1. List the pairs from Lys136/Lys347; Lys372/Lys419; Lys141/Lys309; Lys147/Lys367 whose alpha-carbon separation is above 20 Å, in the order I gave them.
2. Tell me the Rg and the Dmax, in Å, that the Cα atoms of the stretch 32-115 produce.
3. Tell me the net charge near Ser264. Cut-off is 14 Å between Cβ atoms, Ser264 excluded, with +1 for each Lys or Arg and -1 for each Asp or Glu.
4. In terms of the Cα gyration tensor, with a ≥ b ≥ c the square roots of its eigenvalues, is the stretch 233-356 rounded because a/c is under 1.5, prolate because a/b exceeds b/c, or oblate?
5. Taking Cα atoms, how many degrees apart are the long axis of helix 98-110 and the longest axis of the chain, rounded to 10 and kept between 0 and 90?
6. Please list, or write none, the aspartates and glutamates whose alpha carbon is within less than 14 Å of the alpha carbon of Lys140, excluding same-chain residues fewer than 8 places away.
7. Can you tell me the accessible area per residue over the stretch 122-370, all protein chains present, probe 1.4 angstrom, in square angstrom?
8. First compute the accessible area of the chain with a 1.4 Å probe, then give the percent of it belonging to carbon and sulfur atoms.
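The values are calculated or read from the model by the stated rules, or taken from the named source; none is laboratory data. The model shown is predicted, which means the values in this text are computed figures rather than measured ones. FYI the Cβ positions are ideal-geometry reconstructions off the backbone, even for glycines, and counts take in every protein chain you see. These accessible areas exclude ligands, DNA and RNA; they are computed on the full protein's heavy atoms, side chains included. Shrake-Rupley method; radii C 1.70, N 1.55, O 1.52, S 1.80 Å.
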Amino acid sequence: MSSSSKPANDANETSNLMWGGRFASGPAAIMEEINASIDFDRALYTQDIDGSIAHATMLEATGIISSGDRDAIIAGLTAIRGEIEAGTFTFSRALEDIHMNIEARLAETIGPAAGRLHTARSRNDQVALDFRLWVKTELKKTESALKTLIGTFVDRAEEHAGTVMPGFTHLQTAQPVTFGHHLMAYAEMFGRDLSRVRDALERLDECPLGAAALAGTGFPIDRHMTAEALGFREPTRNSIDTVSDRDFALDFLSASSICATHLSRLAEEIVIWSTPQFGFVTLSDAFSTGSSIMPQKKNPDAAELVRAKTGRINGALIALSTVMKGLPLAYSKDMQEDKEQVFDAAKSLELALAAMTGMVADLTVNKAAMKKAAGSGYSIATDLADWLVRELGLPFREAHHVTGRAVALASERGVGLEKLTLDDLRSIHEGITDDVFSVLSVTKSVASRTSFGGTAPREVRRQVRYWRKRLKKMG
């Protein structure tokens with residue numbers, strides 16, 4: 001080996017040590033890896049092509065390009081869409097993203113006319129448009145899934161409007177309620193999620209196309225035309241904000257995170273209810289699995305996985321919030337990190353909503369176990385206190401004290417409140433009459449809770465009717 005060749009080898013070895021692994025070729029390989037987004041933003045091909053067709057149509061209508069160029073561009077883009085959907089399109093990481101991949105293929109397909117398509121736009125407003133269109137589609141899918149889930153709650157609540165179960169606070173038996181009332185609590189919860197999704201759709205419904213890089217354009221474009229063509233209410237009103245805004249994605253993730261939290265709470269209850277210790281419900285085989293070594297086991301895996309998906313969705317919200325928190329106006333490359341977590345969260349939420357809808361629809365309810373548990377823990381104690389206030393005119397605090405003594409006596413005797421004799425109760429307060437037994441049962445307890453939004457079967461049915469009308473009105 002000559003002395004002149006040794007330094008070169010040393011230099012190569014130093015380079016390999018510096019870059020290492022699959023980046024041994026040096027800075028170019030690292031830059032390509034960190035810069036390319038085509039591995040995930042290829043999911044935006046439909047939105048990219050739709051936006052480009054609308055843009056080309058507008059450019060021709062405003063006299064910026066010829067009708068011949070417009071026709072060639074639209075024909076080429078239509079052909080490219082077919083190639084992508086047929087799986088014959090070759091994506092190149094060297095071309096970085098979906099926008100440049102499609103534009104390069106368009107140039108191969110139709111020649112110089114392809115170069116006119118990017119007139120009066122930038123990749124900044126192009127990606128803002130594509131991503132906004134994608135999120136808009138996902139929000140509409142979420143809206144539909146939530147309507148279906150709420151409808152399932154309404155159906156099961158009507159079926160179980162009179163099914164008695166224990167109501168809990170601190171996971172301790174509190175008062176008897178109906179299972180229908182409990183289910184309608186989730187209808188309300190997911191109804192708020194539905195409202196958030198619809199609000200997000202309203203805020204999102206502005207078209208970014210035409211903002212260009214950040215300052216707008218000097219070409220005589222018609223932004224209202226492209227907004228209408230792409231199904232937006234109107235164009236955005238500030239070009240700087242347009243290219244730097246990802247609030248629409250944060251809105252989606254925020255709504256998704258809250259919805260996932262609600263799904264997780266219900267999943268937790270299903271896990272608890274399906275244990276032998278509770279035995280309130282049985283999941284179908286479609287949403288359960290067995291154990292590899294314990295043949296008696298029936299595991300609520302679908303509910304557990306729905307519960308776990310919340311972590312991924314919450315993580316996506318934190319990730320994008322962190323990406324955006326320190327960015328000066330207008331566009332920064334950091335914003336390329338906006339999509340993967342949104343794509344993942346959307347997939348996770350869609351699956352979790354579908355799974356929960358299926359679980360709720362085919363849950364088998366053990367009415368006897370629920371009713372038995374509803375009477376445990378002296379759950380009708382409040383009914384006794386209310387009776388003392390209503391019939392004897394006691395201040396509630398005094399009635400609370402009297403009832404506490406009755407519970408202590410029943411506990412000492414090892415019986416429920418309804419099993420105490422009239423003499424037992426009169427030994428605590430002499431004003432108590434035989435009429436008190438008209439309220440000392442779980443069925444009578446729930447029937448008495450007739451305040452608006454209460455647990456009485458007739459109130460549950462009222463709320464069922466309300467939600468049926470509300471869902472029907474939404475279409």
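1. Lys147/Lys367
2. Here Rg and the maximum Cα pair distance are 13.0, 40 Å.
3. With Lys, Arg at +1 and Asp, Glu at -1, the neighbours total 0.
4. Numbers: a/c = 3.72, a/b = 3.07, b/c = 1.21.
Prolate shape, in that a/c is at least 1.5 and a/b is the bigger ratio.
5. Compared with the principal axis, the helix lies near 40 degrees.
6. Correct list for Lys140: Asp193, Asp199, Glu202, Asp205, Asp251, Glu350.
7. Value for the stretch 122-370: 43 Å² per residue.
8. Working: 12210 of 22870 Å².
It is 53 percent, rounded to a whole number.
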